[in-house]
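Here's the structure we're looking at; comments come further down.
Readers should treat all values here as calculations from the given coordinates under stated rules, not as data from a laboratory. Model, not experiment: these values are computed from the prediction. As a convention, Cβ positions derive from the backbone with ideal geometry for all residues, glycine included, and neighbour counts pool all protein chains shown.
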Amino acid sequence: MELNIKMDRSKELFEESKKYLVGGVNSPVRLFKPFPFFVKSAKDCFLYDEDGNEFIDYCLAYGPMVLGHANENILNAVKSQMDLGTAYGVPSEKEITLAKEVINRIPCAEMVRFVNSGTEATMGAIRLARGVTKRNKIIKFEGAFHGAHDYVLVKTGSGALTHGAPNSPGIPEDTTKNTLLIPFNDEEAVRKVISENKEEIACIILEPVMGNVGCIPPKDGYLQFLREITEENGILLIFDEVITGFRLSKGGAQEYYGIKSDLATVGKILGGGFPIGAITGKKEYMEQFSPNGQIYQAGTFNGNPISVTAGIETLKNLDDKFYKETTKKAGILSNCLRETAEKYNIPAKVYNVASIFQVYFNDKEIVTYEDAKSSDTEKFMKYFYTLLENGVFVAPSQFECCFTSIKHNDEVLEKTMNAIDIAMKKL
Ligand code: PLP
């Protein structure tokens, strides 16, 4: 297929890239047919590609760029930090500053361990839960993505599902036999798996809003139910807030839904566009990490001063006004999607939580991974291509979500709504 925009230079770069980088990309989610555009620069809510195209960006690097690209305050802070050194291998004061900020915001956070990615954060949190409870099994929801490590790379969403490999070869059955999979939003499934594995389950890990199969909010009362049943059974509740952390509210999903988990993992926004992750939670558990306890977790770049600086600068800007505005923008676009689909008689369901949203081409409500998979993904890709041809970039998959940043202004929203109209009309 040919896209009706100039992509000559991107095509050349993709051909070159394929020779050296697997599939021409460094993360599978970045690939779409016939080839992705190659970005040259980014500013505010725009991506500029090698062929001179400008795209309004709702992917935002899969979440982190809440203040828009190339935010001046973040860049200046990072530039100043660079003069002071970029990696130390010994502690520095800014790590304390960012840790305090995390603890002030996230309800369950009493102590923090900084790591380098969301993947490392969930891997560490699960190890901690297993170490603390001395149990091996974990519960994971079908379609949830907690990073690309062995404990959780089964029946996963995001790029693995998009590219047809929700269960990755190369992961020993011995590892995943301890990962118990159940559908999201289903209380009975949780009760059943707990009763069949009495005193064997270390933790339930979940995305409080499933963002890697589109956008699936929890049913009313579901998170509360998980809180109660885990407490009753000595199971640790881990909120993987790599997407929802600092996005749904100052305190992420825990504050938004009024639930306190035992542990939480964050990443993305925490680094303001630089690589970072964090494991946080109750002190009694966190203190069991080495060097205080026996459960090992370590990393050369843990608490890297550049990422930490960018994180401090980012969180400073995430106040009530920020949440009100980004939520309003996502609400406007979600309403537009609903109304436009209705106008053109297209079966569609739109979900929106704070500044996260996604449309599914489906006539039934989406509450689980199986529901999401039953959507018309071909239609989604048609919609994606027309948006792209009209200067709007959303993640190239039904199984991702869209984000608004503080930089999506009224003019940008207006342009986006025009593009949505053109795209829906063409379906
Ligand atoms: N957890 C969730 C909910 C995610 O969405 C992701 C990545 O998209 C991860 C974990 C892994 O984070 P990272 O890509 O930083 O390793």
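Here is how the numbers come out for the structure above:
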{"read-out": "J(HN,Hα) series, segment 142-157, from Karplus relation 6.51 cos²θ - 1.76 cosθ + 1.60, nearest Hz, glycine and proline x", "value": "4, x, 6, 10, 10, x, 9, 10, 4, 4, 10, 8, 9, 6, 9, x"}
{"read-out": "Environment charge of GLU325, counting only residues whose C-beta is closer than 12 Å and scoring Lys/Arg +1, Asp/Glu -1", "value": "+2"}
{"read-out": "GluC sites (Glu not before Pro) restricted to DSSP loop in segment 362-427 with at most 11 other C-beta within 10 Å", "value": "GLU365"}
{"read-out": "Cleavage-rule hits, trypsin sites (Lys or Arg not before Pro), segment 75-184, DSSP coil, Cβ neighbours within 10 Å at most 14", "value": "LYS134, LYS177"}
{"read-out": "Sequence-distant lysines (8 or more away, or on other chains) whose Cα lies within less than 21 Å of LYS100", "value": "LYS250, LYS260, LYS268, LYS282, LYS283, LYS316"}
{"read-out": "Neighbourhood net charge (15 Å Cβ-Cβ; Lys/Arg +1, Asp/Glu -1) for GLY234", "value": "0"}
{"read-out": "Partner aspartates and glutamates for LYS349 [C-alpha distance under 19 Å; skip if fewer than 8 residues away on the same chain]", "value": "ASP220, GLU339, ASP363, GLU365, GLU370, ASP371, ASP376, GLU378, GLU400, ASP421"}
{"read-out": "Loop chymotrypsin sites (Phe, Trp or Tyr not before Pro), segment 215-313 (other Cβ atoms within 10 Å of the site Cβ: 12 or fewer; DSSP)", "value": "TYR296"}
{"read-out": "Under-5 Å amide H pairs with VAL392, H placed in peptide plane, nonlocal only", "value": "ILE56"}
{"read-out": "Whole-number D in µm² s⁻¹ for segment 72-316, Kirkwood Cα-pair radius fed into Stokes-Einstein, 20 °C, 1.002 mPa s", "value": "118"}
{"read-out": "Cα-only Debye scattering, the chain: base-10 log of I(q)/I(0) at q = 0.06, 0.08, 0.13 Å⁻¹", "value": "-0.24, -0.43, -1.18"}
{"read-out": "Under 14 Å, Cβ to Cβ, from GLU72 - net charge with Lys/Arg +1 and Asp/Glu -1", "value": "+2"}
{"read-out": "Estimated translational D of segment 275-427 in µm²/s (Stokes, Kirkwood radius over Cα pairs; 37 °C; 0.692 mPa s)", "value": "180"}
{"read-out": "Share, in percent, of DSSP beta bridges within segment 72-316 that are antiparallel, nearest 5", "value": "40"}
